[in-house]
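Comments concern the structure below.
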Amino acid sequence: MATARPIRSMDPYAEQFWAFTQKKELRLQKCSACGKFRWPPGPTCDKCLSDEAEWAPIAGRGKVLSWTTFRRKYFEEYPAPHTVIVLELDEGPLFVSYPVDIDVGSLRESMVLTLRWTDGQDRFGEYNLPVFGPPSV
Amino acid sequence: MAVRFDRERLGSLKDTVAIVGVGETDYGADYRGAGGQAAKKGEARYDHYTLASQALKRALDDAGLAKDDIDGLCTGPTLSGERACELWGLNPRWSGSGDAAQCIIEAAMAINCGLCTTVALVYGNAQRSMNTAYGGARVTGGGITSYFYYAPWGLTSQGALYALFFQRHKLLYGTTEEQLGAIAVAFRKHACMNPNAVMQKPLTIDDYMNAPYVAEPLRLFDYCLINDGGVAIIVRRADMAKDLKQKPIMVSGFGWSEENVDATQLRPRLKDFYHTAHRDVAAQVYPMAGVTPRDIDVFATYDSFSVHLLASLEGFGFCKEGEGGAFVQNGRIEIGGELPCNTSGGMLSESYMQSWNHQPELVRQLRGGLGARQVQGAEVAQYVHDVAGKCKSIIYTKGS
């Protein structure tokens, strides 16, 4: 049994994003006309309104912008304390995730973290959740 | 934005509509109930319409107007326009919906177009009675995707998004949690001078620092209240506002700008602190009213979280970017200080009316006679609205 997590927001574009995670691939839509990455996924490029896009692989490297630690339980699946981070991916988009293999006290502004995978499931099925940790581990 | 706003047309709307009446429910008494204790969340005592109706009647009484004088209606987000009109026996020539600042701007537009002359803006929210959730599994977002999209990673609640904002501010500028605490302390001090405020117990900076974190680095007192209440505001064409019960308070300036590109990614929140929207609104509202930040006598900001004040002070030019933490120290934002902010206690300590309770307070401050809570010589008041980068501002004056 994969780890139960709060429910994903699902639409036809999100379905494709999460389908790639089953193969442990982190892919985001990249506009075929102007090259802008977008996240969350959707039908058009916000820069040029093109509806042509490819699911481009993401290197899985980002710099820490900010974090917060929940001291109260908001979800049954995430007892307190639970820390969430926001990264700026090398490809441009900001990406929300949570840190693994690192203490909150060791997080630093602009620290580089890299992609890991952990399992997840909700009523839409099983998937893998992209999380981030120090490159050396 | 490639398309510029028209400063001349906007300027011509200065002082064309006035606030002629305001009404609010008994926030403190309703919160404490007959037994003097706070009602538990989910113990239904009120519904949205009960509170809204009470506020509307009070606003009409305050203005000395009858309901048949109303020909336009704006409702807050919890109310259905149809049901509200049916309940109050209104067939308006124009109606709108939104937050308080949005409704004031839209009412000004509708009145200036000639669609109507007298608009009632009405809000009611029984959020404590109904145990409304602003975080966790029951959150739907109300049109703001970042409020629910990251649930699989455990990110939820507007408070956590403002915690990310403040953490970024700390990292970039060295702002401290103790500096932030001055905001909650000041607003509580104001609430203690306001008999209608929910919170009546003084708060020291030690009380603030000793309170538990909710989403670190934000603590309990950085968060707004969850209480029941209603607010109504009567906006009327200025030339019809002169001989009523109250001295009219003019809507002298307004502005509107939204920063939505990459909003779900939190880019405008964390990379810009929403300052692009703030600067755009500042460029509209100050020239329209013919004032600068230095002329503002009373200031109020949307404050679901204390952090909002840092953002708006920096974004509207009351201090430099990154200096908000230092600015709010030493009583500067308290009544008697250089820039009294959220003088009713705001949403942190008076009532969480989602922008609606700030307007009656600014109107009252300009009318005068508030006793200890009165900002002496108040002539120009400003409200700044910023919910996830949807920014608006209103400047009120006594007119000429």
Residues of the stretch B:241-293 that turn out to be in a loop (DSSP other than H, G, I, E, B) and either more than 25 Å from B:Ala120 (Cα to Cα) or not polar (S, T, N, Q) (or both), as a count: 21
Qualifying residue in the stretch A:38-52 (condition: within 13 Å of another protein chain (Cβ to nearest Cβ), touching a strand residue (DSSP E or B) at 6+ places or on another chain (Cβ under 9 Å) and not in a loop (DSSP other than H, G, I, E, B)): yes
Contacts under 8 angstrom Cβ, first residue in the stretch B:95-124 being at pLDDT 95 or above and aromatic (Phe, Trp, Tyr), partner part of a helix (DSSP H, G or I) and surrounded by 20 or more Cβ atoms within 10 Å (Cβ to Cβ), 6 or more apart: B:Tyr123/B:Ala52; B:Tyr123/B:Ala55; B:Tyr123/B:Ala100
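Here's a check for you: in the stretch B:236-264, which residue that is without any contact (Cβ under 8 Å) to a residue 12 or more places away in the chain and over 22 Å from B:Glu106 (Cβ atoms) is surrounded by the most Cβ atoms within 10 Å (Cβ to Cβ)? Lay out the reasoning, then the answer.
Going residue by residue through the stretch B:236-264, those that are without any contact (Cβ under 8 Å) to a residue 12 or more places away in the chain are B:239, B:242-243, B:261-262.
Okay, now just the ones that are also over 22 Å from B:Glu106 (Cβ atoms), so B:242-243, B:261-262.
Values: B:Lys242: 12, B:Asp243: 7, B:Val261: 12, B:Asp262: 18.
Restricting to residues being without any contact (Cβ under 8 Å) to a residue 12 or more places away in the chain and over 22 Å from B:Glu106 (Cβ atoms), the top hit is B:Asp262.
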Criterion violated by B:Glu321 - all others in (1) surrounded by fewer than 24 Cβ atoms within 10 Å (Cβ to Cβ); (2) more than 24 Å from B:Gly174 (Cβ to Cβ) satisfied: (2)
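Does B:Tyr162 satisfy being within 29 Å of B:Ala263 (Cα to Cα), touching a helix residue (DSSP H, G or I) at 6+ places or on another chain (Cβ under 7 Å) and in a strand (DSSP E or B)? Full working, then the answer.
Numbers: within 29 Å of B:Ala263 (Cα to Cα): yes; touching a helix residue (DSSP H, G or I) at 6+ places or on another chain (Cβ under 7 Å): yes; in a strand (DSSP E or B): no.
No: the conditions fail for B:Tyr162.
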Pairs where the first residue, in the stretch A:14-30, is under 16 Å from A:Ala59 (Cβ atoms) and free of Cβ contacts under 8 Å to residues at least 60 places away in the same chain and the second is in a helix (DSSP H, G or I) and of a type outside the set (Lys, Arg), C-beta under 9 Å, 6+ apart: A:Arg27/A:Gln16; A:Arg27/A:Phe17; A:Arg27/A:Phe20; A:Arg27/A:Thr21; A:Gln29/A:Tyr13; A:Gln29/A:Gln16; A:Gln29/A:Phe17
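Yes or no, residue by residue, for (1) within 12 Å of chain B (Cβ to nearest Cβ); (2) part of a strand (DSSP E or B):
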| site | (1), (2) |
| --- | --- |
| A:Ala59 | no, no |
| A:Ser66 | yes, yes |
| A:Ala80 | yes, no |
| A:Ile85 | yes, yes |
| A:Glu109 | yes, no |
| A:Leu115 | no, yes |
Enumerated helices (runs of 4 or more DSSP H) restricted to the stretch B:312-400, each holding at least 1 residues that are without any contact (Cβ under 8 Å) to a residue 24 or more places away in the chain and not assigned by TED's automatic domain parsing to the domain that holds B:Leu51: B:324-327
Those residues of the stretch B:111-140 which are surrounded by fewer than 17 Cβ atoms within 10 Å (Cβ to Cβ) and of a type in the set (A, V, I, L, M, F, W, C), in sequence order: B:Cys113, B:Leu115, B:Ala133, B:Ala137
Within the stretch A:122-137, tally of residues that are more than 9 Å from chain B (Cβ to nearest Cβ) and over 15 Å from the mean Cα position of the chain (by Cα): 8
Qualifying positions in the stretch B:197-234 - surrounded by fewer than 20 Cβ atoms within 10 Å (Cβ to Cβ) and in contact (Cβ under 8 Å) with a residue 60 or more places away in the chain: B:Gln200, B:Ile226
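The values are calculated or read from the model by the stated rules, or taken from the named source; none is laboratory data. Everything quoted here is computed from the prediction, not taken from an experiment. Glycine also receives a Cβ, built like all others from the backbone with ideal geometry; neighbour counts cover every protein chain displayed.
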